[in-house]
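**Q** Attaching a single structure in structure tokens format; questions to follow.
The values are calculated or read from the model by the stated rules, or taken from the named source; none is laboratory data. Everything numeric here is computed off the predicted structure, so don't read it as measured data. Glycine also receives a Cβ, built like all others from the backbone with ideal geometry; neighbour counts cover every protein chain displayed. Just so you know, the surface numbers come from the protein's heavy atoms only, side chains and all, with ligands and any DNA or RNA stripped out. Shrake-Rupley method; radii C 1.70, N 1.55, O 1.52, S 1.80 Å.
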Amino acid sequence: MLKVFRYQNHLRPGAGAHRRRHLMTLPTSELFGRALGGALREGGLRAVLLLLFFLAPLTGCEPPPETPPEAAEEEDLFEVEPEIRPEVSGMHGAVTAGHPLAAAAGYEVLRNGGTAADAAVTMAAILAVVRPHMNGVGGDAFALFYDGETREVQALNGSGKAAEGATPEFFLEQEIEEMPETGPLAVTVPGAVSAWEAALQRHGTISLAQALEPAIHFAREGFVVTTTLAADLSGATRLNEAGRELYAPGGDPLPAGEILRNPALAASLQAISDEGPGAIYGGEVGQALADFLEAEGSPLRLEDFAAHSADWVDPVSLEFQGLSVHTLPPNSQGMVLLQTLGMVEARGIDAESAFAPEHLHALVEAKKLAFADRDRWVADPETDPAPMGRLLDPEYLAERAQQIGSEAAAEVAPGFEDSDEPTASASRAGDAGQAAGDGDTVYLIAVDAEGNAVSWVQSLFHSFGSGLVEPETGIVLQNRGGGFNLQEGHPNRIAPGKRPFHTLMATLVTGSGGEFEMAMGTPGGHGQSQTVAQALIQMVNFGMSPQHAAEAPRYRSYDGLTLRLESRLPETTRAGLAGMGHEVGVSQGWTAPFGNLQIIRRDANGVLRTGVDMRREAAALAY
């Protein structure tokens, strides 16, 4: 049943409190089923989009208040409010995406008989247009694929490499001692387009040209700048001139309600549609990018673009609570999630609540240990393979879990070295190099009627990546080169043709018989594994629905003892964590640093249940 509320603000001075008044109760499945069916019959994609925005205020999808509702006098010490957004569920197919336009297009692909891969690439291309500061043609992509027939999980690495001229000496000769995080020297070959094509070739039924049609339309004809995007565009003022002209004309970022058009990007996408990925990997689009970067001082050349390809690789996996959790191998940080889960399982998950301070403390401390191993070992597996067998060995994780004490640790070390090589902790341990709230990534999921599923993530790294927009192509260039370092002997030291460390990760979960259980993921840089670990345990161990887990209040651990908590976490939780030595800060409202979680879970009866975050612009549709 769908409960409809209206929030009422108490206007007494200094109150800032909100209460909600129950208006009516509606059957959710009937409401959405009839409304979506009618929208599709009458108006197709346009009607579905109108429906999404029309229903939002009627179904409690409006953003919640800045301060939490007043607690009932007899409220449980660890109780938080139930889900606010209505759960979207279906029996045949489902999609989630970081923008309603993308979700609606992916939904239409599935309803027209397309596969999960068809829907995923269509949504990924649209997100490259409508979330321009987070991802795009100039960025990278990774994905996990579940085959409904064979029950196999495959991983796709669509990350780009450093230039052949990007030697450590190239930087040291310019007296650069640390890898730049912005500008032309931070740009690596963009790999997203290669991932789009690879996914369709192996798992799709439509062409890349067909998948790009909606994205080309939105780039050419325009789309409405939402309130969220308008806030995110505040970072556009740091772009080069071509970027400012597009996203902050006249010096002011585009406001909400404005129409954003990028005809140069539409032309680039059209060239990729006509010529295939070769348009960027050796063709005219790639030539424009290479010429621009060379003029800016980058070592990237057209030959670097032409040499790029996406790679199919094996995922890394771990057994957790009778399930198999799959994620991306290095150069992704995915192993952090698996190590975190393995350590907390070794300790035992027996807290009375998902928000009990001792439970969250164990998760935070496990994250610190996992990050220490990550920063020591995760790099390009072709040049510096990490000892994944040892890092994910249950006995090793149980030993690491024993290091979690009752007090928060300010510093931790890798579990083993096997050499005298330096660690990365001095330059890239946690969130020190990433601005809080930086919009950096988009995520999406698609599950089709044949049981296939895709968990997909793509990104520019930091907001607007390198800060460079190539004027002829309209493409924002990523700054993934900032994931390298210049430490001699370190596995993540920059080298020609090498892939950098990536925070990007995606997750798929299968059951004991290999059946699909769920896909989940989020933006958030170093916070991605933290958000996914919290939500997965909330569902598996504490019985939360996907939507409840997507909305539940979270923590985010930063460097050292710094721990940010959302204000909706109970006061008992905050006080308990502070008492364990964590330097607790509280974030009001629903903010981007805590992610934009998306989940699709298949129940035992085959029903697909979704969960989408309200902290950014995620949307879900199912049938």
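**Q** Taking the range 289-331, which residues are in a helix (DSSP H, G or I), over 19 Å from W196 (Cβ atoms) and not charged (D, E, K, R)?
**A** Passing the criteria: A290, F292, L293, A295, L302.
**Q** So, one more: Any residue that is touching a helix residue (DSSP H, G or I) at 6+ places or on another chain (Cβ under 7 Å), aliphatic (A, V, I, L, M) and under 29 Å from D147 (Cα atoms) - is there at least one of those in the range 274-294?
**A** Among the residues of the range 274-294, not one is touching a helix residue (DSSP H, G or I) at 6+ places or on another chain (Cβ under 7 Å), aliphatic (A, V, I, L, M) and under 29 Å from D147 (Cα atoms), which makes the answer no.
**Q** If you don't mind, there's one more thing I want to ask. Sort out which residues of the range 573-623 are under 30 Å from D448 (Cα atoms), among the aliphatic types (A, V, I, L, M) and assigned to a strand (DSSP E or B), and write them in order of number.
**A** I599, I600, L608, V612, A619, A620, L621, A622
**Q** Please give the number of the condition E358 fails out of (1) under 17 Å from P330 (Cβ atoms); (2) assigned to a helix (DSSP H, G or I).
**A** If we test E358 against (1) under 17 Å from P330 (Cβ atoms); (2) assigned to a helix (DSSP H, G or I), just (1) comes out false.
**Q** Further question on the same structure: In the range 482-495, is there at least one residue being acidic (D, E), open to solvent by less than 10 Å² (accessible area, probe 1.4 Å) and either modelled with pLDDT under 95 or touching an Asp or Glu at 6+ places or on another chain (Cβ under 9 Å) (or both)?
**A** Within the range 482-495 (the criterion being acidic (D, E), open to solvent by less than 10 Å² (accessible area, probe 1.4 Å) and either modelled with pLDDT under 95 or touching an Asp or Glu at 6+ places or on another chain (Cβ under 9 Å) (or both)), the answer is no, since none of the residues qualifies.
**Q** Continuing with the same structure: Sort out which residues of the range 167-225 are in contact (Cβ under 8 Å) with a residue 24 or more places away in the chain and charged (D, E, K, R), and write them in order of number.
**A** E177, E178, E181, E197, R202, E213, R220, E221 - these are the residues of the range 167-225 that are in contact (Cβ under 8 Å) with a residue 24 or more places away in the chain and charged (D, E, K, R).
**Q** Please find, within the range 144-159, the residue that is surrounded by the most Cβ atoms within 10 Å (Cβ to Cβ) out of those that are part of a loop (DSSP other than H, G, I, E, B) and touching an Asp or Glu at 6+ places or on another chain (Cβ under 6 Å).
**A** Result: S159.
**Q** If you check P500, P496, which single one turns out to be farther than 21 Å from I600 by Cα and out of contact with any helix residue (DSSP H, G or I) (no Cβ under 8 Å at 6 or more places or on another chain)?
**A** P496
**Q** Of all residues in the range 80-136 being of a type in the set (D, E) and open to solvent by 20 Å² or more (accessible area, probe 1.4 Å), which is nearest to A535 (Cα to Cα)?
**A** E83
**Q** Where residues in the range 160-175 are among the hydrophobic types (A, V, I, L, M, F, W, C) and modelled with pLDDT of 95 or more, which of them is surrounded by the fewest Cβ atoms within 10 Å (Cβ to Cβ)?
**A** Across the range 160-175, the extreme among qualifying residues is F170.
**Q** Which of the following residues is over 22 Å from the mean Cα position of the chain (by Cα), at pLDDT 95 or above and not acidic (D, E): A354, A379, A372?
**A** After applying the criteria, what remains is A354.
**Q** Scan the range 541-583 for residues that are open to solvent by 30 Å² or more (accessible area, probe 1.4 Å), within 17 Å of E83 (Cα to Cα) and not basic (K, R) and report the count.
**A** Summing the residues that are open to solvent by 30 Å² or more (accessible area, probe 1.4 Å), within 17 Å of E83 (Cα to Cα) and not basic (K, R) in the range 541-583 gives 3.
**Q** With V336, V364 as the choices, which residue is over 24 Å from A143 (Cα atoms), open to solvent by less than 10 Å² (accessible area, probe 1.4 Å) and either free of Cβ contacts under 8 Å to residues at least 40 places away in the same chain or assigned to a helix (DSSP H, G or I) (or both)?
**A** Checking each option against the conditions leaves just V364.
The rows are residues; the columns are (1) assigned to a loop (DSSP other than H, G, I, E, B); (2) over 23 Å from V109 (Cβ atoms); (3) of a type in the set (F, W, Y).
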{"residue": "A209", "(1), (2), (3)": "no, no, no"}
{"residue": "P214", "(1), (2), (3)": "no, no, no"}
{"residue": "R220", "(1), (2), (3)": "no, no, no"}
{"residue": "T228", "(1), (2), (3)": "no, yes, no"}
{"residue": "D232", "(1), (2), (3)": "no, yes, no"}
{"residue": "T237", "(1), (2), (3)": "no, yes, no"}
{"residue": "A242", "(1), (2), (3)": "no, yes, no"}
{"residue": "E245", "(1), (2), (3)": "no, yes, no"}
{"residue": "P253", "(1), (2), (3)": "yes, yes, no"}
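**Q** Looking only at the range 272-300, count every residue that is surrounded by fewer than 19 Cβ atoms within 10 Å (Cβ to Cβ), touching a residue at least 60 places away in the same chain (Cβ under 8 Å) and more than 27 Å from the chain's Cα centre (by Cα) and tell me the total.
**A** Of the residues in that region, 3 qualify.
**Q** If you don't mind, another one. In this structure, does P500 turn out to be part of a loop (DSSP other than H, G, I, E, B) and open to solvent by 10 Å² or more (accessible area, probe 1.4 Å)?
**A** no
**Q** Which residue pairs have Cβ atoms closer than 7 Å, lie 6 or more positions apart in sequence or on different chains, and pair a first residue in the range 568-595 that is among the small types (G, A, S) with a second residue that is in a helix (DSSP H, G or I) and surrounded by 21 or more Cβ atoms within 10 Å (Cβ to Cβ)?
**A** If the second residue must be in a helix (DSSP H, G or I) and surrounded by 21 or more Cβ atoms within 10 Å (Cβ to Cβ), the pairs left are G576/P357; G595/G527; G595/T531.
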